[in-house]
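Below is one structure, written out as structure tokens; the observations come after it.
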Amino acid sequence: MSALLAGCLNLMAQSADSVSHKASFGVDYTGEVQTNFERARTTHLLQLHADVPLSRTLSVQMSSISTLSSKKLLDIFEMQGYSNIETFGLNIPFALTVAGITWQPDGRHSLFAGIRRTDEDYFCNDGLGLFTNSSCGIFPTISWNFPIGTFPYAAMGIHYVYDVEKLCLQASLYNGVGNYRFTGRDNVFRICPKSDGVFAMGQVEYRYRDSHYFLGGSMHTLPFVRPTVWAYAEQALSPDITLLAAYGHAFGGNISCKNFCGIGGKITVKRAELGLFTDYTRVADIDEWGTELVCNLHLTHFLTVTPAVHVITTNDITNCVGLLRMEVSF
């Protein structure tokens, strides 16, 4: 499959020689050691990216993941996830997370159609993106309630963006269930609204100087229509200090997680970013508080090292988890 992908990208790159903007390719590797200070385990993530122009307004975007991790998880009872690259022992040799065509008629409008993950576009700003816990990557009021295309899964869909200086509007429509396989009933190419439902998302972002304010909502249609709303802010106090606040709520009955809230901040010191974030949620009548202290060290243009410590209290039982992550990008 990887050889076929490389061949297709090569042909598309050749056809784009006459286009003014160039094709881009990237490789990202993330390796992580996790420990509960009694035993340790490892997890690995390899991502391949390609953006190949076909014309001045059309381009092909592709991205894949490969994962490998220790089968035995840490002996910790927790609900939100302390690692946003954790696949819980599921090893994926190769899966598409983005594969489709983008139409960009000008610098403001963009429309994508094909395979895509929700976390390619939502909950991925610099503030929340600093932290390693899964709830900062997508709020549990969404991920716990709906089997959608978020890491490591993806789904067929369309994604629209309107982006100007101070305002960014996004709207997406996906198959209601995310998958990662190429064949079988749970393949990533499924478009089955009758059995899988439909998942829609929308968000508005307002930018003021170095601050960002987000307001969004989503809706899943099966087994009945269930809406979710969220809001979060990244308030810059200075060029190097930012405060963070987040809230999400899911409406309706028969859902696992109704509320999520979090508060924190980050500070930049030369090549290091330090962050502290505390959140609370209730999943299936289980209360959980999570606090993360993280330091992102940009050692070179292509190498980043990230140590993090999580203190997680689940139904009055407190656990501590340490992470050491290395990211290499080319």
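Here are the numbers for the structure shown:
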item: Residue identified as under 18 Å from the mean Cα position of the chain (by Cα), at pLDDT 95 or above and open to solvent by less than 10 Å² (accessible area, probe 1.4 Å) among Gly202, Gly176, Gly217; result: Gly176
item: Search result, residues across the range 146-189 that are among the basic types (Lys, Arg) and closer than 30 Å to Arg209 by Cα; result: Lys166
item: Inter-residue pairs, beta-carbon under 6 Å, first part of a strand (DSSP E or B) and in the range 312-329, second hydroxyl-bearing (Ser, Thr, Tyr), 6+ apart; result: Val321/Tyr82; Gly322/Thr35; Leu323/Thr132; Arg325/Thr306; Glu327/Thr30; Glu327/Thr304; Val328/Tyr29
item: Near pairs, Cβ below 7 angstrom, 6+ apart or cross-chain, from the range 272-293 (touching a residue at least 60 places away in the same chain (Cβ under 8 Å)) to any residue that is of a type outside the set (Val, Ile, Thr) and surrounded by fewer than 14 Cβ atoms within 10 Å (Cβ to Cβ); result: Ile286/Asn315
item: In the range 83-102, residue nearest to Thr42 (Cα to Cα) [restricted to those that are part of a strand (DSSP E or B) and among the hydrophobic types (A, V, I, L, M, F, W, C)]; result: Ile92
item: The range 38-91: number of residues that are hydrophobic (A, V, I, L, M, F, W, C) and under 17 Å from the mean Cα position of the chain (by Cα); result: 7
item: Counted residues, the range 188-231 - those being within 15 Å of Phe251 (Cα to Cα) and either among the β-branched types (Val, Ile, Thr) or touching a Cys at 6+ places or on another chain (Cβ under 9 Å) (or both); result: 4
item: Residue satisfying all of: in the range 105-128; of a type in the set (Lys, Arg) and within 26 Å of Thr183 (Cα to Cα); surrounded by the fewest Cβ atoms within 10 Å (Cβ to Cβ) among these; result: Arg117
item: Residue in the range 227-247 that is farthest from Cys136 (Cα to Cα), counting only those that are without any contact (Cβ under 8 Å) to a residue 24 or more places away in the chain and open to solvent by less than 50 Å² (accessible area, probe 1.4 Å); result: Ser238
item: Residue match in the range 4-18 (condition: open to solvent by less than 30 Å² (accessible area, probe 1.4 Å), modelled with pLDDT of 95 or more, within 26 Å of Met156 (Cα to Cα) and not in a loop (DSSP other than H, G, I, E, B)); result: no
item: Residue in the range 87-104 that is most open to solvent (accessible area, probe 1.4 Å), counting only those that are polar (S, T, N, Q) and within 24 Å of Lys71 (Cβ to Cβ); result: Asn91
item: From Ile101, Ile76, residue being β-branched (Val, Ile, Thr) and at pLDDT 95 or above; result: Ile101
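Here's the yes/no breakdown for (1) loosely packed, with under 14 Cβ neighbours inside 10 Å; (2) modelled with pLDDT under 95:
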residue: Thr141; (1), (2): no, no
residue: Thr150; (1), (2): no, no
residue: His159; (1), (2): no, no
residue: Arg185; (1), (2): yes, yes
residue: Cys192; (1), (2): yes, no
residue: Tyr206; (1), (2): yes, no
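Yes/no matrix, rows are residues, columns are (1) farther than 30 Å from Gly197 by Cβ; (2) among the small types (Gly, Ala, Ser):
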{"site": "Ser211", "(1), (2)": "yes, yes"}
{"site": "Thr221", "(1), (2)": "no, no"}
{"site": "Thr242", "(1), (2)": "yes, no"}
{"site": "Val269", "(1), (2)": "yes, no"}
{"site": "Leu274", "(1), (2)": "yes, no"}
{"site": "Tyr280", "(1), (2)": "no, no"}
{"site": "Thr291", "(1), (2)": "yes, no"}
{"site": "Asn296", "(1), (2)": "yes, no"}
{"site": "His301", "(1), (2)": "yes, no"}
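The values are calculated or read from the model by the stated rules, or taken from the named source; none is laboratory data. On a predicted model such as this, the values are computed, not experimentally measured, just so you know. Positions of Cβ are generated from backbone atoms using ideal geometry, with glycine treated the same way; all protein chains shown enter the neighbour counts. All accessible areas refer to the heavy atoms of the entire protein, side chains included, with ligands and DNA or RNA removed. Shrake-Rupley method; radii C 1.70, N 1.55, O 1.52, S 1.80 Å.
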